[in-house]
Amino acid sequence: MIFEQFSRIGVVPVIILDDSKDAAPLAEILCGNGIPCAEIAFRTPAAEETIRIMTREFPDMLVGAGTILTTEQADQAMNAGAKFIVSPGLNPKVVQYCIDSFIPVIPGVQTASEIEQAIELGLKVVRFFPAEQAGGLATIKALASEYIDIRFMPKGGISAKNLKDYLAYDKVIACGGTWAAKRKLTASGEWERIKSLVKEAASIVRNIRK
Ligand code: 3PG
């Protein structure tokens, strides 16, 4: 089950690649250093090909698509081999399309009403975005106290500094964020730096989820 995988891995690196030639080296670092997961943001033309390369060359890796705003993008992502779909907000049309296509979908929410929309669509897991800017863990806890069956995958303002706090809360499955493989680091090929950030994130997860 994909949500168990998310929970085990603990971190969903949000990846914005300018060039799909960086897909394989990056996937190798993620898989080799304890975070075999990537959410490839549909914000660059390289996104689709990046998913294709990662899923073909690293079949055990949990690779999905992020920033999916339309059903057309969802199609592109699925055709490229994405194993999950994430969006910053909740578009009922996109969510329903993913459900009908049998692909796990995790829409972003920030309010009680949006969570109720997610429930109405049959979802049990939502992204909380932008997490820190929307009140962070305190807001998640307040929402979770009402929606007892809902679990959260926060993103926005999360880094090695606060990852442990989020993961310590049992309603948080995994945390998303750009911090371990920022666009400027991948664009300039700073693989050693990325490797050490990935290792650091994996060790935080290990300590909290042991
Ligand atoms: C993104 O770029 O995906 C988010 O808006 C910000 O994420 P970050 O806070 O992890 O950089």
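The values are calculated or read from the model by the stated rules, or taken from the named source; none is laboratory data. Quick caveat: nothing in here was measured; it's all calculated off a predicted structure. Heads up, the Cβs are rebuilt from the backbone with ideal geometry, glycines too, and the neighbour counts pull from every protein chain shown. Ligands, DNA and RNA are excluded from the accessible area calculation, which covers all protein heavy atoms including side chains. Shrake-Rupley method; radii C 1.70, N 1.55, O 1.52, S 1.80 Å.
A simple spin-label model places the labels of Ala112 and Lys21 5.3 nm from each other, with each point 7 Å out along Cα-to-Cβ. Rounded to the nearest Hz, the phi-derived 3J(HN,Hα) couplings of the stretch 152-163 under the Karplus curve 6.51 cos²θ - 1.76 cosθ + 1.60 (θ = phi - 60°) are 10, 10, x, 8, x, x, 9, 7, 4, 5, 10, 4, where x marks glycine and proline.
Shown for the stretch 2-204: the carbon plus sulfur share of the solvent-accessible area, taken with all protein chains present and a 1.4 angstrom probe, equals 51%. Close amide H partners of Val86, meaning residues 5 or more places away or on another chain with modelled amide H under 5 Å apart, are Ala65, Gly66, Thr67, Ile68, Ile106.
Please list, by residue number, everything in the stretch 1-32 whose backbone N is under 20 Å from a paramagnetic label point 7 Å out along Cα→Cβ of Trp191. The answer is 13-32, whose backbone nitrogens lie closer than 20 Å to the label point.
When +1 charges are put on Lys and Arg Cβ atoms and -1 charges on Asp and Glu Cβ atoms, the dipole computed for the stretch 2-204 relative to its Cα centre reaches about 460 debye.
Extension gain, Glu200 to Glu120, is 25.0 nm, computed as 0.36 nm per intervening residue step minus the present C-alpha separation.
Look at where the Cα atoms of the stretch 42-58 and of the stretch 130-191 average out, and the two centres are 23 Å apart. Around the amide H of Val125, modelled in the peptide plane, lie the amide H atoms of Arg151, all under 5 Å away and 5 or more residues distant in sequence or on another chain.
Which of rounded, prolate, oblate describes the stretch 15-96, given a ≥ b ≥ c as roots of the alpha-carbon gyration tensor eigenvalues and a/c under 1.5 marking rounded, otherwise prolate only if a/b is larger than b/c? Prolate shape, in that a/c is at least 1.5 and a/b is the bigger ratio. Label the chain by shape, choosing from rounded, prolate and oblate, from the square roots a ≥ b ≥ c of the eigenvalues of the Cα gyration tensor; if a/c is under 1.5 it is rounded, and otherwise prolate applies when a/b is larger than b/c, oblate when it is not. Oblate, since a/c reaches 1.5 and b/c is not below a/b.
Accessible area per residue for the stretch 2-204, computed on protein heavy atoms with a 1.4 Å probe, is 42 Å².
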